[in-house]
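Okay, so here's the structure we're looking at.
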Amino acid sequence: MSLRNYLSVIDNRLKNETFIKFIVFLYILMVVGYILPSIFIEDFFNLNSTQENPISEIDNRYLVFFLVAFVAPVFETLIFQIALIKGCQILLTLFWERLNENVVLLSSIGFSSIVFGLIHYYSPVYVIMMFVLGLFFGMIYYYSEKRKIKPFFPIFILHSLYNITVFIIEIKCY
């Protein structure tokens, strides 16, 4: 089976599943396609992003968990995946009325992902990793729009699950 066939299967799956299956499928995809490879990348480049993260300065593990699992995903989802993507869509369609709707959406997701990566500047490699994660969240935005559901909830849930998973992995490793 070719890559195009795999992408077609994923595309059909994401468009037709129930909300819970949509979230579970994307979480599994995120763990296998992003979190596990990022562990190897962080080890290879000897990265420890938690050392530079201001949240790592907090001694109360429960407060850190609350900030990482709920507060950060709410604000980052609202700012980077909702406001920035929607704002870019509005600006692009205002200035270039003839742009294709998909070009506008994909350009907005790309810009949002770049900003998302740059906001998480702990090292150049980490910026690239966060850019890719931003693209993943942008993909969730895209499929949420296709499914006619508000993108905030699936992005927030998956962002929160991502942060919780990484939090647990970092507790075990450090």
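When Ile140 is tested against the conditions (1) assigned to a helix (DSSP H, G or I); (2) over 19 Å from Arg13 (Cα atoms), the lone failure is (2). None of Lys15, Lys21 is under 22 Å from Ile149 (Cβ atoms), basic (Lys, Arg) and modelled with pLDDT of 75 or more except Lys21. Close contacts from the range 145-156, counting a first residue that is assigned to a loop (DSSP other than H, G, I, E, B) and a second that is aromatic (Phe, Trp, Tyr) and open to solvent by less than 80 Å² (accessible area, probe 1.4 Å), with Cβ to Cβ under 8 Å and a gap of 6+ residues or different chains, come to Arg147/Phe22; Ile149/Phe19; Pro151/Tyr141.
Conditions (1) open to solvent by less than 20 Å² (accessible area, probe 1.4 Å); (2) more than 19 Å from Ile35 (Cβ to Cβ), marked per residue:
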| residue | (1), (2) |
| --- | --- |
| Ala72 | no, no |
| Lys86 | no, yes |
| Gln89 | no, yes |
| Thr93 | no, yes |
| Trp96 | no, yes |
| Asn100 | no, yes |
| Pro124 | no, yes |
| Gly138 | yes, no |
| Phe156 | no, no |
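Of the residues making up the range 93-105, one or more are in a helix (DSSP H, G or I) and either closer than 19 Å to Met30 by Cβ or within 18 Å of the chain's Cα centre (by Cα) (or both). Report whether or not Ile149 is of a type in the set (A, V, I, L, M), modelled with pLDDT under 90, more than 26 Å from Leu7 (Cβ to Cβ) and open to solvent by less than 80 Å² (accessible area, probe 1.4 Å). Spelling it out, it is not the case that Ile149 is of a type in the set (A, V, I, L, M), modelled with pLDDT under 90, more than 26 Å from Leu7 (Cβ to Cβ) and open to solvent by less than 80 Å² (accessible area, probe 1.4 Å).
The values are calculated or read from the model by the stated rules, or taken from the named source; none is laboratory data. Remember, predicted model here, so these are calculated numbers, not experimental data. A quick note on method: Cβ atoms are made from the backbone with ideal geometry, for glycine too, and the neighbour counts reach across all protein chains shown. When the accessible area is computed, the model is the full protein with side chains, heavy atoms only, and any ligands, DNA or RNA have been set aside. Shrake-Rupley method; radii C 1.70, N 1.55, O 1.52, S 1.80 Å.
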